[in-house]
Structure formats: structure tokens, C-alpha cells
């Protein structure tokens, strides 16, 4: 795990790892130049848990380089990822380690829950488990949570570790690369939860994220070179917040939770009151749940 300024999201992640049913593991953590209370939290963790090996950058080196430094220190044959703010189910390590008894498996992932920034569940993501369907879905976008990924240490090292030229979407690039080295297995249990946050790159700089995702597809699947801007500037904070609210609101719409959807989509609309998409979504959230679901069913036919 690499973390920079983990804030209040750090401790719940730590607890989820500390409580794993498998107790024999090494716990590598990089403090990537934190300037908040993160160093103190991690120091206290290392003092009480002998499995922790703590590393620190005085100034941020970035996520990808930090992960590679941790990979170089790993002694175990299997590496499991977790991001600050996410949670691991107590049985995650046990289930995924068992899957690696099959020598053909290169990477193991799982179903996962999506959470709001406050930790409320908004939906379960169920990636395809059949190999052909999984490959087809991954050829379009990343449908796996970084915090669900577990890989063989040696295989990851032999293929160059995490691609440091990828400022973001490094998890997607890794997944597509592992597809060429062996089987990808998705366990149909929700073994982790991924927290959405307005400060996440998906909402702050989706243009840059999509560029690197397209670059990963070009590199491993032969799709055209991306035409986006890899140096796109982050959007203003209020628009990042609006993007987050829209994403959460749409998830609540799909679930039929119209009240929660209206709350989130209204916040998104307030940030951009002339945006036609925001207006349409807010109007959809104003429909009774059964009418909205009927429209969705009809649209799929």
C-alpha cells in the first residue's frame, strides 16, 4: 500500500488488513511524502504490528514509483494491493491465495462494493467470471478494482513491475499485461470495497485518466493511439465534486433509490445549472422509481 495524506480514510483501511483471517503476511507500506497526520498513524501501526515494514519518501514520488519500490522489497510469492480508503473483506487473502494453487493463474480479482465518500454502499460490481466475457469487457474499460488485485510476485517482476510512465491507470495497464501471461480469475465474492471520493482522479481529471487507459489498450490490444491530452489540468474542485455527485446519483438511480439520487444529482446540477446532461438526470430522478425502472427495461429491449 502506498499512501499520501491518508487523513480519516487511512485507519479503516488499516483495520481491514489487520483483521485478515490469514495472519502470516508481510505488510509493506510507503508513506509517499505525507504532510498530515499519516506518518504518526503509520509509525504507531508499525510499533504494534510486527508484520509492518514501513518506508517513506520525504517528498512525493508518485503512486507508480512507490509501488515499484515496495515490489522490490517484497519477500512473499504473492502480492496483494490495497488503496488507502478502500476495505478488504476479512477472508480476502485466504480466498485469493487458495486460487493461486492453479499454476495457470496470473492474476486474481473479485467482485467489489462501491462506497460513497462517507462509506455508504451504493452498489456491487460483478465483473464477468467467464474468460471470454472478461477479456471482452476489459478490452473496453477497466472493470476491476485495484484493491481486489492479487498477482504472483515473480511474474510481476519479470514483466517490469508497474509501468512508471503511467501516471494513472497503472492498474489497468497491469491487468491487460497479465492477460498475456496467464489466466485472469475473478472470484464471485465481494472481497473488497472501493471508496469513491471527489478528490479521486476519476473526478478531478477524467481526461488524463482516459488517455492513459487508451494508451494501455493501444500497448496491449493494438487499438489506435489515444488522441487525448496526457497533460490535462485537473478540473476545479467544485466541478470534481459535481462529477462525483453525478456518479453516485446515477448509481442510486440504477438501484431505484430515487430520494438519494435526487439529493446527489441536485448537487451536481447546482454546480453546472445549464448543463443539459445534469438537467436530464435530475428530471429522471424526479420520476417515481417504478416508472424509471420501466423505462430502463424498455430501453434494454
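Bear in mind that the values in this text are calculations on the coordinates, not laboratory data. This structure is a prediction, so every number in the text was calculated from the model and none was measured. Counting neighbours? That spans all protein chains shown, and the Cβs are built from the backbone with ideal geometry, glycine included.
Mind checking which of 48, 262, 208 has the largest fluctuation in a GNM of the chain, springs on alpha carbons under 10 Å? Answer for the Gaussian network model of the chain: 48.
Put in order of Cβ neighbour count within 10 Å, fewest first, the listed residues 270, 75, 140 become 75, 140, 270.
Shape analysis of the range 2-221 based on the Cα gyration tensor places the equivalent ellipsoid semi-axes at 25, 20, 18 Å, largest first.
Taking the Cβ of each residue in 280, 266, 87 as the centre, tally the other Cβ atoms inside 10 Å and list the residues starting with the fewest.
On the way: 280 12, 266 16, 87 22.
Arranged by neighbour count, lowest to highest, 280, 266, 87 become 280, 266, 87.
For the range 108-182, the C-alpha radius of gyration sits at 1.19 times the compact-globule guess of 2.2 N^0.38 Å, with N the residue count. If you take the square roots of the eigenvalues of the alpha-carbon gyration tensor of the range 1-85 and sort them as a ≥ b ≥ c, do you get rounded (a/c under 1.5), prolate (a/b over b/c) or oblate? It is oblate, given that a/c is not under 1.5 and a/b is not larger than b/c.
Mind giving me the FRET efficiency for residue 11 and residue 121? R0 is 22 Å, r the Cβ-Cβ distance, nearest 0.05 is fine. Write down the numbers at each step before the final one.
Values: r = 19 Å, r/R0 = 0.87.
The calculated FRET efficiency here is 0.70.
The order of 225, 178, going from fewest to most other C-beta atoms within 10 Å of their C-beta, is 225, 178.
Helix 276-285 axis versus longest C-alpha principal axis of the chain: approximately 80°, rounded to the nearest ten. Size estimate for the range 207-280 follows the Kirkwood approach: the inverse of mean 1/r over distinct Cα pairs works out to 14.0 Å.
Output the 0 to 90 degree angle, nearest 10, between the alpha-carbon long axis of helix 38-48 and the longest principal axis computed from the alpha carbons of the chain. Result, in degrees: 50. Given their separation in residues at 0.36 nm each and the Cα-Cα distance between them, residue 26 and residue 158 gain 45.4 nm when the chain is fully extended.
Cα centroids of the range 27-63 and the range 231-254: 29 Å apart.
Available extension along the chain between residue 129 and residue 227 is 32.1 nm, counting 0.36 nm per residue and deducting the alpha carbon span.
Which percent, to the nearest 5, of DSSP beta bridges fully inside the chain are antiparallel?
About 40 percent, rounded to the nearest 5.
Taking Cα atoms only, the orientation of helix 63-73 departs from the longest principal axis of the chain by about 30 degrees.
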